[in-house]
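Colleague: One structure, as structure tokens, below. Some questions next.
The values are calculated or read from the model by the stated rules, or taken from the named source; none is laboratory data. What you see is a predicted model, and the numbers here were worked out from it, not measured in a lab. Positions of Cβ are generated from backbone atoms using ideal geometry, with glycine treated the same way; all protein chains shown enter the neighbour counts. The accessibility values were calculated without ligands, DNA or RNA, using every heavy atom of the protein model including side chains. Shrake-Rupley method; radii C 1.70, N 1.55, O 1.52, S 1.80 Å.
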Amino acid sequence: MSYQVRSLRADEWPRAKALRLEALRDPVASIAFMETYGSAAAQPDAFWQERAGRSAEGASGAQQIIAEGPDGEWVGTVTVLMEEAGTPDWAGMPVERLQGHLVGVYVQPGHRGIGLTEVLFDAGLEWAWAQGAERVRLLVHEDNARALRAYRKAGFTETGVTTTLGPDKGERELELALERPESDF
């Protein structure tokens with residue numbers, strides 16, 4: 001595979017913005033992401049600069065990993081948010097131990113099915129383990145079969161935790177997690 005997978009640099013915020021807006025146009029974006037294209041596109045440049053700075057190379061609370069195709073085009077991304085034990089997560093649920101939380105997973109349609117998601121996850125996991133995470137988790141809509149398959153293939157398993165997000169309380173998000181390998185302690 002001739003892709004470069006690396007952490008975002010803060011000055012690359014325009015490219016990060018463009019990739020996020022592209023992801024929000026994906027046909028499953030409404031069940032995969034917690035924001036709409038319209039709301040994201042309306043954000044000022046300062047929002048995107050701050051977002052990139054918080055998750056760029058060298059940041060400790062989050063890390064955005066990007067995949068560059070052979071031609072230099074950005075074709076995929078994942079962001080790892082660190083969640084501290086004893087604090088509430090973004091949804092207000094208590095965090096029991098230091099963990100990473102994968103969000104914003106996206107691979108362009110023409111680059112899916114070749115293992116790029118696993119490579120992005122490997123880079124994100126490596127970063128999370130280096131931060132001391134005891135596990136890494138993610139949430140996925142119960143109807144997002146493509147994502148569920150990819151996450152299971154990458155080694156994530158369902159924890160039994162479910163939550164509802166958004167206005168339709170009948171729809172569920174499933175938590176999947178991967179425990180830190182014993183050899184990494």
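Colleague: So, in region 146-166, how many residues would count as being over 17 Å from the mean Cα position of the chain (by Cα) and within 21 Å of residue 23 (Cα to Cα)?
Modeller: 1
Colleague: Moving on. Confirm whether residue 5 is modelled with pLDDT of 95 or more, among the aliphatic types (A, V, I, L, M) and closer than 18 Å to residue 109 by Cα.
Modeller: yes
Colleague: If you scan region 143-162, which residues turn out to be open to solvent by 40 Å² or more (accessible area, probe 1.4 Å) and either polar (S, T, N, Q) or closer than 24 Å to residue 66 by Cβ (or both)?
Modeller: 146, 149, 152, 153, 157, 159, 162
Colleague: Across region 66-75, which residue is least open to solvent (accessible area, probe 1.4 Å) among those that are assigned to a loop (DSSP other than H, G, I, E, B) and among the small types (Gly, Ala, Ser)?
Modeller: Let us first name the residues in region 66-75 that are assigned to a loop (DSSP other than H, G, I, E, B), namely 69-73.
The next check asks that each one be among the small types (Gly, Ala, Ser); those that pass are 69, 72.
On the way: 69: 8, 72: 23 Å².
Out of the qualifying residues, it is 69.
Colleague: Could you run through region 94-133 and say how many residues are closer than 16 Å to residue 4 by Cα, among the small types (Gly, Ala, Ser) and either in contact with a strand residue (DSSP E or B) (Cβ under 6 Å, 6 or more places away or on another chain) or without any contact (Cβ under 8 Å) to a residue 12 or more places away in the chain (or both)?
Modeller: The total comes to 2.
Colleague: In region 97-120, what count of residues is obtained for those that are of a type in the set (S, T, N, Q) and within 15 Å of residue 140 (Cβ to Cβ)?
Modeller: Filtering region 97-120 for residues of a type in the set (S, T, N, Q) gives 99, 108, 117.
Still in the running and within 15 Å of residue 140 (Cβ to Cβ): 117.
The qualifying residues number 1.
Colleague: (1) at pLDDT 95 or above; (2) touching a Pro at 6+ places or on another chain (Cβ under 8 Å); (3) open to solvent by 20 Å² or more (accessible area, probe 1.4 Å): which one isn't true of residue 48, the others all being true?
Modeller: Exception for residue 48: condition (3).
Colleague: Let me ask you something else. So, of the residues in region 81-104 that are of a type outside the set (A, V, I, L, M) and in a loop (DSSP other than H, G, I, E, B), which turns out to be nearest to residue 131 (Cα to Cα)?
Modeller: The initial filter retains those residues of region 81-104 that are of a type outside the set (A, V, I, L, M), namely 83-84, 86-90, 92, 94, 96-97, 99-101, 104.
Filter once more, so that each one left must be in a loop (DSSP other than H, G, I, E, B): 84, 86-87, 89-90, 92, 96-97.
Working: 84: 11, 86: 17, 87: 17, 89: 17, 90: 19, 92: 22, 96: 16, 97: 13 Å.
Here the answer is 84.
Colleague: Say we look at region 114-133 and pick out the residues that are assigned to a loop (DSSP other than H, G, I, E, B) and at pLDDT below 95; which of these is farthest from residue 79 (Cα to Cα)?
Modeller: Ranking the candidates gives 114 first.
Colleague: Another one. For residues in region 21-45 being assigned to a helix (DSSP H, G or I) and open to solvent by 70 Å² or more (accessible area, probe 1.4 Å), which is nearest to residue 172 (Cα to Cα)? Quick ask: steps written out before the conclusion?
Modeller: Narrowing region 21-45 to residues assigned to a helix (DSSP H, G or I): 21-23, 29-32, 37-41, 45.
Narrowing the set further to residues that are open to solvent by 70 Å² or more (accessible area, probe 1.4 Å) leaves 30, 37, 45.
Details: 30: 13, 37: 22, 45: 33 Å.
So, considering only residues that are assigned to a helix (DSSP H, G or I) and open to solvent by 70 Å² or more (accessible area, probe 1.4 Å), the one nearest to residue 172 (Cα to Cα) is 30.
Colleague: Continuing with the same structure: What are the residues in region 115-128 that are farther than 21 Å from residue 20 by Cα and surrounded by fewer than 17 Cβ atoms within 10 Å (Cβ to Cβ), if any?
Modeller: The one that is farther than 21 Å from residue 20 by Cα and surrounded by fewer than 17 Cβ atoms within 10 Å (Cβ to Cβ): 126.
Colleague: Please work out which one of (1) open to solvent by less than 60 Å² (accessible area, probe 1.4 Å); (2) at pLDDT 95 or above is the condition residue 111 fails and give its number.
Modeller: It is condition (2) that residue 111 fails.
Colleague: Which residue is nearest to residue 179 (Cα to Cα), if the candidates are limited to region 81-100 and must be open to solvent by 20 Å² or more (accessible area, probe 1.4 Å) and of a type in the set (A, V, I, L, M)?
Modeller: So, considering only residues that are open to solvent by 20 Å² or more (accessible area, probe 1.4 Å) and of a type in the set (A, V, I, L, M), the one nearest to residue 179 (Cα to Cα) is 98.
Colleague: What about residue 62, is it among the aliphatic types (A, V, I, L, M), closer than 18 Å to residue 100 by Cα, without any contact (Cβ under 8 Å) to a residue 40 or more places away in the chain and open to solvent by less than 40 Å² (accessible area, probe 1.4 Å)?
Modeller: Taking the combined requirement at face value, the residue satisfies it.
Colleague: Also: Looking at 140, 78, 136 in this structure, which one is at pLDDT below 95, open to solvent by less than 30 Å² (accessible area, probe 1.4 Å) and not in a helix (DSSP H, G or I)?
Modeller: Criteria check complete, one pass: 140.
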